[in-house]
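A.B. asks: The structure that follows is given in the form of structure tokens.
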Amino acid sequence: MTTRIYVPRDAAARSVGSDATARALQAEGQRRSIDIQVIRNGSRGLLWLEPLVEVVTPAGRVAYGPVQPADVAGLFDAGFISGATHSLSHGPTEEIPYFKKQERLTFARVGITDPRSLEDYLQHGGYRGLKAALDMEPAAIVGAVTASGLRGRGGAAFPAGIKWKTVLGVSADQKYIVCNADEGDSGTFSDRMVMEGDPFVLIEGMTIAGIATGATSGYIYLRWEYPDAKAALNAAIASAYEKRYLGENILGTDKRFDLEVRSGAGAYICGEETSLLESLESKRGQVRFKPPLPAIQGLFGKPTVINNVITLASVPIILDKGADHYQHFGMGRSRGTLPIQLAGNIKHGGLIEKAFGISLRELLYDYGGGSLSGRPIRAVQVGGPLGAYLPESQFDTQLDYEAFTEIKGMLGHGGIVVFDDTVDMAAQARYAMEFCAIESCGKCTPCRIGSTRGVEVIDRLIAGNNPAKQETLLRDLCDTMTYGSLCALGGLTPYPVLSALNHFPEDFDTSARTGVPA
Amino acid sequence: MAKVQIVNTKALGPVVSRAQVDAVLGICAALKSIPAPLIPILHAIQEKVGFVPKDAVPLIAAELNLSIAEVHGVVSFYHYFRQDPGGRHTVHICRAEACQAVGAVEVEAHAKRTLGVEFHGTTRDGAIRLEPVYCLGNCALGPSIMIDQELHGRVSTQRFDELMQDTRAATAGEP
């Protein structure tokens, strides 16, 4: 009897050697004449256990990790083929508390299925959302998305249904669906994990968006830094075309939807939707003025739905299980689930999909197990490089868009970057300005020039060169950037800068650090 | 082949060879009918030639009926496109926050010191070009680097040295 063994093909798993582990398993099985089949799945998201090897037993999938090639012979000796215990075993995968406590809706299949297999996708509930949508009027599909409470998961949290409704309401000879897969925020990798681990769910979500709004053409704008995601998407798109889930006459209906992946070229700003559209048009990725909104004049001047990967990948389950089912999760105006990414200096980093409302503290300590270094956690940055640095006193904040706005932070794309007590917060503030200077598109002055001046002012402040005056100047500059910038890059860079200054003033005080009065 | 005559290839200088001109023109011909072809063409050129030669810019502009300034503007806007040959391998080191939190600053300093180059520089033996990158999406397993298209996580300074040795060994074995 063939024993099936899962070894992730996910880029994070590959980055710590899962390819070599897969090869070693194959070779050792052959050497011992044990009939095994190695399947390359997505990652379960328990990234500190990668490469995580799962063996299919009559009692379910049993996890071993991290498994390096040197461990393989020992696993065979211990009888892992039948799920036997070993120093690397973690028991049934789905009983591991980190995984068991999650609420996986968007990530329902990630780590479970073979992302290259359309059959596997169909067997695990795939394309049920599309089938439901094909029986509905466009307005009813849009209505379901609105009723689900789904808000843009890219960071801006704009209600997806309202965007879709606008596009549906405009008549045009051509409309587009654009997927923002320019996941540039440090600390985030949920888009990558979905695209690599369950690419069909994104394709299905985009197809539904097309049918709902009357768009027949779609683009996935993917950052170049994700070659594995590109390969996974292209393979899935080819299968979907072959089986009539894309192209003309989708599933025998008169609906059409074409889809293509386009590569970015290393520009953080292209995660901003109008800049992304410019880049898709093969221009410099400079931010556009709004209005007109992309929903009215987007790609090539046509009405365009532009949503993040997670937003679009959450649509199939909404159509399949109903808006109520999705809406039932969450708190306040933040409905559904958020794929949270625990990153940086954290013992148990990975992906945690949970309903909105979980506290930072629970994530950092119950899930994360504290810092990787074992030192106290001093600060966390939530929401990417434009998100605020939060001190321990704010760790009880619940993950909810409005709760974060209240503490002058933002939830963004759900990335949490953890720092221990060796972090120099003045250096982090300086880096935030430096990053803005490197990545500014140059269109508006507060961002283009303000960021460079910001680095200089912080340098003088850290050097103790008339610090009171520099601080006043820095706050004034941040004010100008916040209110004068065209988009979120210049507008939100003050978040990490000012939160570092407000919560960790001691790191900016040279006399305190060196004992020499400024 | 009328298009070739627009540019005097003899005047292109040493960076662009006849083969590179043919590659650029071939790629333009294959892709210019797709919507908004410039960035896909630049990607294809960089993949095939290793970089986007400065002297290819007028060729691309002529092929796409764009001004030289427009093409130059796009090439120079994006960090990924480069206009000099660089090394046989490109090593991108992540500089972003999640990697900083687990020692990326030390890895970066170590890389620059041991390779003897700054960012955008190429080692003397032509093997490795060093580039910064802002997030590789491997934020729970940092510090991360990418060697050509291959991602590596948990890269300590020691691991970095091993990887560079492997990369150079791979180069030496190539024809």
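The values are calculated or read from the model by the stated rules, or taken from the named source; none is laboratory data. Remember, it's a predicted structure, so these values are computed and weren't measured experimentally. Counting neighbours? That spans all protein chains shown, and the Cβs are built from the backbone with ideal geometry, glycine included.
A.B. asks: Restricting to the stretch A:365-391, name every residue that is more than 12 Å from every other protein chain (Cβ to nearest Cβ), in contact with a Phe, Trp or Tyr (Cβ under 8 Å, 6 or more places away or on another chain) and buried (at least 18 other Cβ atoms within 10 Å of the Cβ).
C.D. replies: Selection gives A:Ala388 alone.
A.B. asks: How many residues does the stretch A:174-215 contain that are more than 13 Å from every other protein chain (Cβ to nearest Cβ) and not small (Gly, Ala, Ser)? Explain how you work it out, then say what you get.
C.D. replies: To start, the set of residues in the stretch A:174-215 that are more than 13 Å from every other protein chain (Cβ to nearest Cβ) comprises A:175, A:177, A:179-180, A:198-215.
Subset that is not small (Gly, Ala, Ser): A:175, A:177, A:179-180, A:198-204, A:206-208, A:211, A:213.
Looking only at that region, the number is 16.
A.B. asks: Looking at (1) at the interface with chain B (Cβ under 8 Å from one of its Cβ atoms); (2) small (Gly, Ala, Ser); (3) part of a strand (DSSP E or B), can you tell me which one A:Gly218 breaks?
C.D. replies: All conditions pass for A:Gly218, except number (1).
Residues checked against (1) free of Cβ contacts under 8 Å to residues at least 40 places away in the same chain; (2) surrounded by fewer than 18 Cβ atoms within 10 Å (Cβ to Cβ); (3) away from chain B (no Cβ under 13 Å):
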| residue | (1), (2), (3) |
| --- | --- |
| A:Glu272 | no, no, yes |
| A:Leu276 | no, no, no |
| A:Leu280 | no, no, no |
| A:Arg284 | no, no, no |
| A:Val287 | no, no, no |
| A:Ala295 | no, no, yes |
| A:Gly301 | yes, yes, no |
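A.B. asks: For the stretch A:410-425, name all the residues that are more than 8 Å from chain B (Cβ to nearest Cβ) and crowded, with 22+ Cβ neighbours inside 10 Å.
C.D. replies: Correct list: A:Leu411, A:Gly412, A:His413, A:Gly414, A:Ile416, A:Met425.
A.B. asks: Checking the conditions here, which among B:Val57, B:Val52 is at pLDDT 95 or above and touching a His at 6+ places or on another chain (Cβ under 6 Å)?
C.D. replies: Details: B:Val52 fails: touching a His at 6+ places or on another chain (Cβ under 6 Å).
Selected residue: B:Val57, the only one of B:Val57, B:Val52 that is at pLDDT 95 or above and touching a His at 6+ places or on another chain (Cβ under 6 Å).
A.B. asks: Counting only residues that are under 18 Å from the mean Cα position of the chain (by Cα) and assigned by TED's automatic domain parsing to the domain that holds A:Pro199, give me the helices (runs of 4 or more DSSP H) lying completely in the stretch A:309-363 with at least 2 of them.
C.D. replies: Helices (runs of 4 or more DSSP H) meeting the threshold: A:309-313, A:315-321.
A.B. asks: Among the numbered conditions (1) surrounded by fewer than 19 Cβ atoms within 10 Å (Cβ to Cβ); (2) out of contact with any strand residue (DSSP E or B) (no Cβ under 6 Å at 6 or more places or on another chain), tell me where A:Glu103 comes up short.
C.D. replies: (2)
A.B. asks: Name the one entry in A:Arg244, A:Arg262 that is within 12 Å of chain B (Cβ to nearest Cβ) and either modelled with pLDDT of 95 or more or out of contact with any strand residue (DSSP E or B) (no Cβ under 8 Å at 6 or more places or on another chain) (or both).
C.D. replies: Only one candidate passes the filter, namely A:Arg262.
A.B. asks: Within the stretch A:159-203, count every residue that is farther than 17 Å from A:Gly298 by Cβ and touching a Phe, Trp or Tyr at 6+ places or on another chain (Cβ under 6 Å).
C.D. replies: Going through the stretch A:159-203 one residue at a time, the tally reaches 3.
A.B. asks: Would you call A:Val315 buried (at least 20 other Cβ atoms within 10 Å of the Cβ), away from chain B (no Cβ under 11 Å), in contact (Cβ under 8 Å) with a residue 60 or more places away in the chain and more than 23 Å from A:Gly42 (Cα to Cα)?
C.D. replies: No, not satisfied.
A.B. asks: Can you tell me which of A:Arg9, A:Arg44, A:Arg61, A:Arg23 is closer than 29 Å to A:Lys347 by Cα and part of a strand (DSSP E or B)?
C.D. replies: A:Arg61
A.B. asks: Here's something else I'd like to know. Scanning the stretch B:30-50 for residues that are surrounded by fewer than 19 Cβ atoms within 10 Å (Cβ to Cβ) and not in a helix (DSSP H, G or I), which turns out farthest from the other protein chains (Cβ to nearest Cβ)?
C.D. replies: Selected residue: B:Gly50.
A.B. asks: Just checking, which of A:Gly184, A:Gly149, A:Gly155, A:Gly129 is touching a Cys at 6+ places or on another chain (Cβ under 9 Å), small (Gly, Ala, Ser) and crowded, with 20+ Cβ neighbours inside 10 Å? Show your work before the answer.
C.D. replies: Numbers: A:Gly149 fails: touching a Cys at 6+ places or on another chain (Cβ under 9 Å); A:Gly155 fails: touching a Cys at 6+ places or on another chain (Cβ under 9 Å); A:Gly129 fails: touching a Cys at 6+ places or on another chain (Cβ under 9 Å).
Exactly one of A:Gly184, A:Gly149, A:Gly155, A:Gly129 is touching a Cys at 6+ places or on another chain (Cβ under 9 Å), small (Gly, Ala, Ser) and crowded, with 20+ Cβ neighbours inside 10 Å, namely A:Gly184.
A.B. asks: Name the single residue, out of those in the stretch A:66-93 being part of a loop (DSSP other than H, G, I, E, B) and at positive phi, that is farthest from the other protein chains (Cβ to nearest Cβ).
C.D. replies: A:Gly79
A.B. asks: Please count how many residues of the stretch A:370-416 are more than 14 Å from A:His503 (Cα to Cα) and either in the same structural domain as A:Ala488 (by TED's automatic domain parsing) or assigned to a helix (DSSP H, G or I) (or both).
C.D. replies: The total comes to 9.
A.B. asks: Mind checking which helices (runs of 4 or more DSSP H) fall wholly inside the stretch B:76-175 and carry at least 3 residues that are crowded, with 21+ Cβ neighbours inside 10 Å and more than 9 Å from chain A (Cβ to nearest Cβ)?
C.D. replies: Ranges flagged: B:104-115.
A.B. asks: For the subset of the stretch A:55-81 comprising residues that are touching a Pro at 6+ places or on another chain (Cβ under 9 Å) and under 21 Å from A:Ala108 (Cβ atoms), which member is surrounded by the fewest Cβ atoms within 10 Å (Cβ to Cβ)?
C.D. replies: In this case the residue turns out to be A:Gly60.
A.B. asks: Among the numbered criteria (1) under 23 Å from A:Ser393 (Cα atoms); (2) in contact with a helix residue (DSSP H, G or I) (Cβ under 8 Å, 6 or more places away or on another chain), which single criterion is violated by A:Asp421?
C.D. replies: Evaluating A:Asp421 over (1) under 23 Å from A:Ser393 (Cα atoms); (2) in contact with a helix residue (DSSP H, G or I) (Cβ under 8 Å, 6 or more places away or on another chain) leaves (2) as the failure.
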